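Trainee: For reference, the structure I am asking about is given below.
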Amino acid sequence: MSKFAEPMTRLIDELKKLPGIGSKSAQRLAFHILRVSGDDAEALAASIRDVKDKLRLCSVCNNITDVDPCVYCSSATRNQKLVCVVEEATNIAAVEKTRHFNGVYHVLHGSLSPLHGVGPEQLRIANLLRRVERGDIEEVILATNPTVEGEATATYLAQQLKRQGLRVTRIAMGVPVGSDIEYTDEVTMLKAMEGRREM
Ligand SMILES: [Zn+2]
């Protein structure tokens, strides 16, 4: 028999599924939720429901958004001819932190990893090539992570995009090798953007 009432056990079990949350943390969070007001608990539940119900991918850049096209793709003040390619939608925040990038994005939702069965077809590359084919892009900045997979993805994309005759650049390795650009500070990210190179 469980040491907690059934609804509590169920909440703890759900929380334990979250990344980085073990049994102890799950129990602490569950008891915290039990103590907060009904309004606060309902706000938490509603926000979880809303991200599943209201968020989808931008039909242009694959960013996670509640409006389609997303805020970047529909912005009149952003340079729509300059596209920064990132692996995950969360990486956009790392580039935005520099406050020096005024272009738009393309989210691949992963990186090439033949060992894990991730080939070009598993990534959102086709609609990037279509964007380029339409001829309204002047430069593509490859801001995939400085990992083996990220580098392989950048090299593959550079080959595909060079055929289209546009400028293809790669962010400089101001970002530590083997890390994730999601966790990069503003200065390092800015240096990396400034030091991007032709591929
Ligand atoms: Zn978009």
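Trainee: Are there any pairs, at least 6 apart or on different chains, whose C-beta atoms fall under 9 Å, with the first in segment 63-74 and on the phi > 0 side of the Ramachandran plot and the second more than 8 Å from the ligand (Cβ to nearest atom), and if so, which?
Mentor: none
Trainee: In segment 53-80, what residues are within 10 Å of the ligand (Cβ to nearest atom), outside any loop (DSSP other than H, G, I, E, B) and either surrounded by fewer than 12 Cβ atoms within 10 Å (Cβ to Cβ) or polar (S, T, N, Q) (or both)?
Mentor: Thr65
Trainee: Condition test on Val83, is it in contact with a strand residue (DSSP E or B) (Cβ under 8 Å, 6 or more places away or on another chain) and either within 14 Å of the ligand (Cβ to nearest atom) or assigned to a strand (DSSP E or B) (or both)? Don't jump to the end; show me each part of the working.
Mentor: Working: in contact with a strand residue (DSSP E or B) (Cβ under 8 Å, 6 or more places away or on another chain): yes; either within 14 Å of the ligand (Cβ to nearest atom) or assigned to a strand (DSSP E or B) (or both): yes.
Considered against the rule, which asks whether it is in contact with a strand residue (DSSP E or B) (Cβ under 8 Å, 6 or more places away or on another chain) and either within 14 Å of the ligand (Cβ to nearest atom) or assigned to a strand (DSSP E or B) (or both), Val83 comes out as yes.
Trainee: Now for a separate question. State yes or no: is Lys24 under 30 Å from Val104 (Cα atoms) and either out of contact with any Leu (no Cβ under 9 Å at 6 or more places or on another chain) or within 16 Å of the ligand (Cβ to nearest atom) (or both)?
Mentor: On the way: under 30 Å from Val104 (Cα atoms): no; either out of contact with any Leu (no Cβ under 9 Å at 6 or more places or on another chain) or within 16 Å of the ligand (Cβ to nearest atom) (or both): yes.
So Lys24 fails the test.
Trainee: Criterion first (assigned by TED's automatic domain parsing to the domain that holds Ala143, in contact (Cβ under 8 Å) with a residue 12 or more places away in the chain, of a type in the set (D, E, K, R) and outside any strand (DSSP E or B)) does Glu88 satisfy it?
Mentor: On the way: assigned by TED's automatic domain parsing to the domain that holds Ala143: yes; in contact (Cβ under 8 Å) with a residue 12 or more places away in the chain: yes; of a type in the set (D, E, K, R): yes; outside any strand (DSSP E or B): yes.
Taking the combined requirement at face value, the residue satisfies it.
Trainee: Say whether the condition of being surrounded by 14 or more Cβ atoms within 10 Å (Cβ to Cβ) and out of contact with any Pro (no Cβ under 8 Å at 6 or more places or on another chain) is met by at least one residue in segment 42-52.
Mentor: To start, the set of residues in segment 42-52 that are surrounded by 14 or more Cβ atoms within 10 Å (Cβ to Cβ) comprises none.
No, there is no match, as no residue in segment 42-52 is surrounded by 14 or more Cβ atoms within 10 Å (Cβ to Cβ) and out of contact with any Pro (no Cβ under 8 Å at 6 or more places or on another chain).
Trainee: Looking only at segment 130-154, count every residue that is exposed (fewer than 15 other Cβ atoms within 10 Å of the Cβ) and away from the ligand (no atom under 16 Å from the Cβ) and tell me the total. Break it down stepwise before answering.
Mentor: Narrowing segment 130-154 to residues exposed (fewer than 15 other Cβ atoms within 10 Å of the Cβ): 130, 133-136, 138, 148.
With away from the ligand (no atom under 16 Å from the Cβ) added as a condition, the list becomes 133, 135, 138, 148.
So the answer is 4.
Trainee: Could you please give the count of residues in segment 70-119 that are within 15 Å of the chain's Cα centre (by Cα) and within 15 Å of Val140 (Cα to Cα)?
Mentor: 12
The values are calculated or read from the model by the stated rules, or taken from the named source; none is laboratory data. Model, not experiment: these values are computed from the prediction. Reconstructed Cβ throughout: ideal geometry from the backbone, glycine too, with neighbour counts over all protein chains shown.
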